[in-house]
Each structure stands twice: as structure tokens, then as C-alpha cells.
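To start, the structure under review is shown below, and the notes come after it.
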Amino acid sequence: MTALMAFSYAFSQENQSEQNSLTVYSRKIDSIVVSEKIKMNKELDEVDKDFKKNKIGADEKQKLKADIASKYEQSINEKIDARKTEFEEATREMVKDAVLKPIDSLRKDKNQIVMGLGGIKIRMAEDKVTPADYLKSWEYSVAIVGTSYTTKDKPFGFLNNSSEFKNTVLNSGVYVARYESQLGGYKSPVFYRIGLGYRWDQSKAKYGRTFTQENKILDIKDFTKGNLKDTHINNHYIFVPAELKFVLNPKYVEYNGTEYLDNKASQFTIVTGIYGGVRIASNIYNRYSNDYSKRIVERETINHGVNDLIFGAKLGIGYAGFNIFVQKDFTPVFNNNTTLTHKYGLQIGIEIMNVNF
């Protein structure tokens, strides 16, 4: 919602410089008309009062009103004609700006909002004027993710039936703010990214079982307190991604005799990188019913069995705002203080919103 409001504000501000002169001129014309009409109405009111006092007849009343209206019509036209040179000057300035200013300052593709298969892509580029300005940017990205856990000997066994975890397609989220800039010259198809992100992983136990902490061991056991409605563990991380982006179909634009990579064009891209993160919280969630209550919720902080640091790599592919990626943890999410056998995180995600500044 904040991004949409900011986009609307930026888009409304874009037109201000071009329309400012016309707005001032229009207000002056309105002021003249309002001022003259106030004077005219006062004179018309006096005519009506004289008619009610039988000082004048109906024919004379109509004639006086027609004369008054004609007088003020002429007055308004004369005063507007005196302002005509201001209007002509404002028009000349607008034409001059349109011809001489770079095409990027004419609002073309400056601010965009696009909704498609990749979700929402918003570009806010009010301060960008030249093609070089588009070769570096800040971006905020939101992705929905499917998280699975693998064994060390089968690192890419996504949705493995032998896992203690329930197979769920979408159960996590990734939120990243990152800075992107070009590597090399203005025609280079390579960009680097550095950012700060938040990652939330949610995993469920299978078949009416739940996560427990007993004797400093994180385990999965049968639930015996009642009718289990929902159970999962949540792991929350702050992480730093460092990535390289490669443009596969580079397009170029010329500006003041220099050729630049056109970073506003639709592009096929490959993203590869690494990330390191710190766990900030973990908890067990159970919701169940029994003979005494239809809804009982338990939340328990996880103190054992989960590593505090993660390190991994990312590979992604995208086109024009549609981006999918795979992330693989090289370090185990769970440590030796657990009976879990599937400890290494594997994520497949799709970015559903990108806000580019």
C-alpha cells in the first residue's frame, strides 16, 4: 500500500513543471471573471430593487440588464486580451521544453505500474534523466517461497517423501531491499547486487505429529493432548545477499553520442549469488481442541536443535519482472541436538512484487 501511494504521488508530481505556467495563467483568468461578475451582479441587484419599488418598468428593467451584461462582457474580454501575451509566452516555453529537453524528461516510462504473471512491478524514477541513471537503482522485492528440507547426500531432493516434514508448495516468504549497479562500461550486461533481507520459513510435521523439545533435543512425536488442528515451526532470519545479474538479450540506446545498455527494456536475466544469515527467532506453534475447549493455541520458543547461522547460494532466471529462483542452504538449519534427518534448506520462490527506485 505504501508503494502504491508513493507511486501515485510521484506520478502526480511529474506534470507540475510543464503545467505550472498554464495553471497560473488559468487562475488569473478565473480571477478576472469572478471579480467582474461580482461587480455585475451588484448592478443587476440595484436594477431589481428599482423595479420592485416601481421606479422603472419591465421594459426598462430588461434594457438596463442587457446593457449591464454587455458592458461587463466587454470589460472581461478587454482584460483577458491584456493577459494574452502571458498565455502565448507560457505556450512557447512548453513547446521549447518539449523540443529541447531529453526524451527521458518527457515522462515517457518514468513511472510505471505493471501487473502480470510475475505479480506487481512498480518503477518510480522521478529523478532519473539520462540512460546512465537507469543503470543503478534501489529495489524492494517480495517473494513467496516453497521450503523443503533435504539430507546432505541428496541436496536437491525437493518434496522428498522420506522427510519428517509435510510437503507444502508455498510455506515461506522472502523480503529484500537491495542496491543494483552496472559492472564495467555503459554497454556491460553485468550488474552486481548487494542487499539486506528477511526470510521466514514455516514447516509442518506429518500425519498428526508435532515438534517437541525435551531434554534439550528437538524432536517430532505423536500429539496426545487432543485433536490437533495445526502445527508448524517458524524460523526467522536476517540475511545479506550478494549477487551478479547477467542480461542475456542486451538492448542499447544512444544519448549525446554515447551508447548505453537500455535498462528500461524487457530483458532475459540470470541471477547468481550467495547469502549469509543470522537466525533471530524460532518457535513451535500448535493449535488443537479437546473436551474442554474447541480452540487451544500453544506457542513455544525453540532453544535447542536450530543453528544460528546459515550460508547458501541462489540461482534465478527472469524476464520483464517475472522472476523465479532456487536457494540452497550449504549449512544445516538444524544441528546435532535434534532427531531430524533432513536438515538442509532448499527453497523455490517467485517474486510477486518489485518496487524499483
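The values are calculated or read from the model by the stated rules, or taken from the named source; none is laboratory data. Predicted model, so just to flag it, every value in this text is computed and none were measured. Every residue, glycine as well, gets a Cβ built from its backbone with ideal geometry; the counts of neighbours run over all protein chains shown. For the accessible areas, the whole protein counts, side chains as well, though only heavy atoms, and no ligand, DNA or RNA atoms are used. Shrake-Rupley method; radii C 1.70, N 1.55, O 1.52, S 1.80 Å.
Below are the figures for this structure:
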quantity: The stretch 206-260, residues that are acidic (D, E) and either closer than 30 Å to G195 by Cα or touching a residue at least 24 places away in the same chain (Cβ under 8 Å) (or both); calculated: D219, D230, E243, E259
quantity: Members of the stretch 140-170 found to be over 28 Å from the mean Cα position of the chain (by Cα), open to solvent by less than 70 Å² (accessible area, probe 1.4 Å) and not β-branched (V, I, T), listed by number; calculated: Y149, P155, G157, F158, L159, N160, S163, E164, F165, N167
quantity: Among residues of the stretch 112-132, those that are charged (D, E, K, R) and either modelled with pLDDT of 90 or more or assigned to a loop (DSSP other than H, G, I, E, B) (or both), counted; calculated: 3
quantity: Pick from the stretch 289-301, criterion basic (K, R) and in contact with a strand residue (DSSP E or B) (Cβ under 7 Å, 6 or more places away or on another chain), ranking: surrounded by the most Cβ atoms within 10 Å (Cβ to Cβ); calculated: R299
quantity: Residue in the stretch 302-320 that is farther than 19 Å from T147 by Cα and exposed (fewer than 13 other Cβ atoms within 10 Å of the Cβ) present; calculated: yes
quantity: Failed item in (1) touching a His at 6+ places or on another chain (Cβ under 7 Å); (2) closer than 30 Å to Y292 by Cβ, with W200 passing the rest; calculated: (2)
quantity: Conditions (1) closer than 21 Å to N263 by Cβ; (2) part of a loop (DSSP other than H, G, I, E, B); number of the one not met by A177; calculated: (2)
quantity: Members of the stretch 171-188 that are open to solvent by less than 50 Å² (accessible area, probe 1.4 Å), more than 22 Å from Y344 (Cβ to Cβ) and touching a residue at least 12 places away in the same chain (Cβ under 8 Å); calculated: A177, R178, E180, S181, Q182, S188
quantity: Any pair with Cβ under 9 angstrom, 6 or more apart, that starts in the stretch 49-68 at a residue that is closer than 16 Å to K39 by Cα and open to solvent by less than 90 Å² (accessible area, probe 1.4 Å) and ends at one that is assigned to a loop (DSSP other than H, G, I, E, B) and not polar (S, T, N, Q); calculated: L64/I56
quantity: Residues satisfying the stated conditions in the stretch 133-170, i.e. part of a strand (DSSP E or B) and without any contact (Cβ under 8 Å) to a residue 60 or more places away in the chain; calculated: K136, K154
quantity: Filtered residues of the stretch 321-338 (kept if open to solvent by less than 10 Å² (accessible area, probe 1.4 Å) and farther than 27 Å from T269 by Cβ); calculated: V333, F334
quantity: Exclusive hit being touching a residue at least 60 places away in the same chain (Cβ under 8 Å), hydrophobic (A, V, I, L, M, F, W, C) and farther than 30 Å from T224 by Cα, set F311, F325; calculated: F325
quantity: Exclusive hit being open to solvent by 30 Å² or more (accessible area, probe 1.4 Å) and either aliphatic (A, V, I, L, M) or in a strand (DSSP E or B) (or both), set K221, K225, K245; calculated: K221
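Conditions tested, residue by residue: (1) over 30 Å from G184 (Cβ atoms); (2) in a strand (DSSP E or B); (3) in contact with a Gly (Cβ under 8 Å, 6 or more places away or on another chain); (4) open to solvent by less than 40 Å² (accessible area, probe 1.4 Å).
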| position | (1), (2), (3), (4) |
| --- | --- |
| K264 | no, no, no, no |
| I270 | no, yes, yes, no |
| V278 | yes, yes, no, no |
| I284 | yes, yes, no, yes |
| R287 | yes, yes, no, no |
| L340 | yes, no, yes, yes |
